[in-house]
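Nothing in this text is a laboratory measurement; each read-out follows from the coordinates by a stated rule. Note that the coordinates shown come from a computational prediction; the quantities given were computed from them, not determined experimentally. Cβ sites come from the backbone with ideal geometry, for glycine too, and all protein chains shown count toward neighbours.
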């Protein structure tokens, strides 16, 4: 059975080469037959990789220690679902999963484009085959998941206790789905550059892929934050670890891309910028993988030092040079012949929004790589941790909130001064009222003050958009609800996008609240002792010891009262995993819309006394609620039109006309 | 003038803000990394080494040492790597300054580029050019009229 997995991997590697080879011959000879043959090779490659992944998954669940990978990542007492999640917990397994996803996405893209993008598709095939070959090369020659252990063992090393959390079952695969998904728009961008067809076709063809990848990357990042919050036990959700940064950077550039493509679709401008952005996004996903696999930058997520880093570096360098060559030799086609109608236009604000997003990505990249730069220049390796990133990114984040609010207020093409002033009156008034209100309520720090007031500004602009849209639709629809439903579902790209903005603002509320107003207190407690923090009274009731499936646990019981009201018992605990000789902190959280009470059990003495650390993290729940809204908005924005393509295009055309009519209507009203 | 305003706005937006605080374990630990090799900032680490370090810090605070002295003690022992962020001096200053410098410089060039790409600024340019041509024409006309008047006077 195990041999089947190994054979599947090897044959898949050979078939990927074949797919690349026949794609290139097909391109050279302009022969459809070769391309059909490459499609079949991709199908077979996917099938073989599916067999390999099934074999590895089965070996993990059945604890077949014949394989080194299984022996290193599972143990006898590990529950089956965690054993299966070990598929992506280790280096070789996660790379196999990556290759399988890439093969899956490739055959979906081929199927989607059977009768369209006929000029681009051979090059898309070749690019995707090139990426697949790289990952299979790593698996076959450097980190083979089917390597045999060579001797018999009774029990495996077990899964890292940190990864034994439900969130960890979904966090890595969603991140990988996002990372791998960006290969598709990247392949189309490369195909567009090679064929010199750099108009908006490649963007339109990959819009849903980009949104899908962005959504999955977003979910992956949020799941990672949630996991860090409940599992790492330090009271926060984002530690600016290099690997966290590595997932955040392509998210930022991907977000910039999602905005700037609108200008290319409308004005046929920024071709070079959009092509560069998606190339950078893809390269950042590879850079993230390089950081995780190389061990060159210290990280809690790293898979340990290995020689994979150099191969990733080689792939990264080759991709950069090839992309640069293509961009430099296609400058004439990429040059825009159009102009902006006005400096005061939504197009301009989108570009400033891009500047901020790319600036944030650069700042994070700079901070992540600075330890290496410092070591190269001064010979001293330093650490760049949370204080640096918080200082650098907070003002950039505030500028981003500001632009999120400003963009929808300025018309596409050209905003008249009257229109500009009229649109700003209500949001700016809300901003000013919020600022005064927050100041009166006692908030004096400039960052939270600005952040909350600007969030109010942005939410007002979004609600105004919905209000104006519903009011315009009331001419056609029976009542407000139908108007709202039709507005949302007929113009889903636009209004889905606004819902995403609402989600992001809700998340910013949580981020601002928890970063600026968190409090903590720690105390050594004996039975009956009370720890007072803000309006909470925490009574220590004692500790209990018990066994779980794979750990010895000690748990404290804390009675919680808020303003005298009994809120029940909380049980922060510590789990000792004998196999890995690791102690894990399991926090207890009491959450509502206002704040989280977050309890950590520290050391426990023989007489039953315990060291308890309590955090009050205001507004954290808003981060998770915001993320649900964001996911909903993205799904609405990417939901396909059910009508046939022509009608769908007409609908999209109608949407554009409708948006322009809205702008016109507002201008007219102003006049 | 507009360009200057734009740069000033950007500078205002990105000005780092500082806050005063008293010495607590919590404040000191935010500046240090855990020494167990976990690569986590001390305040985010819950391992045994982190707990020992916190006790050490508390002991130093009890002795009357302030935040800077405690941090300096750790730097003497472990080197600069124990700090959770680069110092704001020498080469390390580059880490803090460069992102904002890049943002401001690129922002300035983007502003210039947008003005150049905009049709309305093209009209402005045309008007400016027209005004310049008109001014030259008027000047020449005035000179010739003056000459003419002088000639008549003779």
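Quick notes on this structure:
- Calculated mean residue ellipticity at 222 nm for chain A: -22500 deg cm²/dmol, from DSSP H runs with n ≥ 4 weighted as -39500 (n - 2.57), summed, divided by the residue count and rounded to 500.
- Rounded if a/c under 1.5, otherwise prolate or oblate - chain A, Cα gyration tensor axes: oblate
- Dividing the convex hull volume of the alpha-carbon atoms in the stretch B:19-85 by its residue count gives 82 Å³ per residue.
- Each principal axis of the Cα cloud of the stretch A:145-202 was taken in turn, and the coordinate range along them, longest first, works out to 60, 31, 11 Å.
- If the convex hull is drawn through the Cα atoms of the stretch A:1-164, its volume per residue in Å³: 103 Å³
- By the count of neighbouring beta-carbon atoms within 10 Å, fewest first, A:639, A:227, A:240 end up ordered A:639, A:227, A:240.
- Prolate/oblate/rounded call for the stretch A:517-621, Cα gyration tensor, a/c under 1.5 rounded: prolate
- Length gained when the stretch residue A:582-residue A:377 is fully extended (0.36 nm per residue, less Cα-Cα span): 70.1 nm
- Ranked by how many other Cβ atoms sit within 10 Å of their own Cβ, fewest first, the residues A:38, A:411 fall in the order A:411, A:38.
- Exposure proxy ranking, count of Cβ atoms within 10 Å, fewest first, for A:501, A:259: A:259, A:501
- Rounded, prolate or oblate (a/c below 1.5 giving rounded, otherwise prolate when a/b exceeds b/c) for the stretch A:302-458 by Cα gyration tensor: oblate
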